[in-house]
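Have a look at the structure below before the remarks.
The values are calculated or read from the model by the stated rules, or taken from the named source; none is laboratory data. These numbers come from a predicted model, not from an experiment. Reconstructed Cβ throughout: ideal geometry from the backbone, glycine too, with neighbour counts over all protein chains shown.
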Amino acid sequence: MTGTEDKAVNGDIFYYFAYGSNMLDERMKLMNKTAKYFGNGEVLGYKLAFYDHSDTWHGATASIEENPDSIIYGCIYSVSREEEAILDQQEKGYHRITIPVRNIKTKQVLYCRSYQISNPNKKENLPSSAYKIVFTTGAIMHKLPEKYLEYLLDIKDNGELDKINIPLKCLIDIQLP
């Protein structure tokens, strides 16, 4: 554990920055019961990218990558340290990082844990329509900045709406049997 990583911990909780499917509270709380939405955040010097193919999501999954000219937005959660291993398991195929995140409302900078895809040979790919619906629904529900919402909605997807084995209300009516 590095000194930077410790900065995400505050007593019995840690702060977590979600930029993909975990922006949807329902998704975040499926396995992380103690997660509490803390606010919206922005991270300077990172961009959103989609890589590889997830059997769970039927397309690429999101990651954040360093890019000095970019800003990424997402949701800050506080999570009990008792659930660290659960979140790490949920994010298998990713490695934990700690990044400074500025709370959009308060302007306070918090160190948050987040995750980056671990595959050193990762290939850019399109997310599924179902995955895109989940992360855009979370972004809309939390009222991320309008221009960023437009950016998310404009992301090309692979058209896949096959059954995702994660029970989320936003997918019930649109999934193919």
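So, in segment 120-150, of the ones that are surrounded by fewer than 16 Cβ atoms within 10 Å (Cβ to Cβ) and in contact with a Leu (Cβ under 9 Å, 6 or more places away or on another chain), which residue ends up farthest from His53 (Cα to Cα)?
By that ranking, first place goes to Lys143.
Given the conditions (1) within 27 Å of Asp157 (Cβ to Cβ); (2) modelled with pLDDT under 95; (3) under 16 Å from the mean Cα position of the chain (by Cα), report the number of the one that Asp55 does not fulfil.
Of everything listed in (1) within 27 Å of Asp157 (Cβ to Cβ); (2) modelled with pLDDT under 95; (3) under 16 Å from the mean Cα position of the chain (by Cα), Asp55 misses just condition (3).
Does segment 153-166 hold any residues that are under 20 Å from Arg27 (Cβ atoms) and either modelled with pLDDT under 95 or crowded, with 20+ Cβ neighbours inside 10 Å (or both), and which are they?
Going through segment 153-166, the residues under 20 Å from Arg27 (Cβ atoms) turn out to be 153, 155, 157-158, 160-166.
Glu160, Leu161, Asp162, Lys163, Ile164, Asn165, Ile166, listed by residue number.
So which of Tyr111, Tyr77 ends up being surrounded by 19 or more Cβ atoms within 10 Å (Cβ to Cβ) and under 13 Å from Phe17 (Cβ atoms)?
From the options Tyr111, Tyr77, the qualifying one is Tyr77.
Please go through segment 13-52 and pick out each residue that is over 17 Å from Ala139 (Cβ atoms), at pLDDT 95 or above and surrounded by fewer than 16 Cβ atoms within 10 Å (Cβ to Cβ).
If the condition is that a residue be over 17 Å from Ala139 (Cβ atoms), at pLDDT 95 or above and surrounded by fewer than 16 Cβ atoms within 10 Å (Cβ to Cβ), then Lys33, Thr34, Lys36, Leu44, Gly45 are the ones that fit.
Since Pro127 meets every condition but one in (1) farther than 21 Å from Ile97 by Cβ; (2) touching a strand residue (DSSP E or B) at 6+ places or on another chain (Cβ under 6 Å), which condition does it not meet?
Result: Pro127 fails condition (1) only.
Among the numbered criteria (1) touching a Lys or Arg at 6+ places or on another chain (Cβ under 8 Å); (2) buried (at least 18 other Cβ atoms within 10 Å of the Cβ); (3) in a helix (DSSP H, G or I); (4) not hydrophobic (A, V, I, L, M, F, W, C), which single criterion is violated by Asp88?
All conditions pass for Asp88, except number (2).
Matching residues to (1) in contact with an Asp or Glu (Cβ under 9 Å, 6 or more places away or on another chain); (2) in contact (Cβ under 8 Å) with a residue 60 or more places away in the chain:
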residue	(1), (2)
Asn40	no, yes
Glu66	no, no
Leu87	no, yes
Lys92	no, no
Arg96	yes, yes
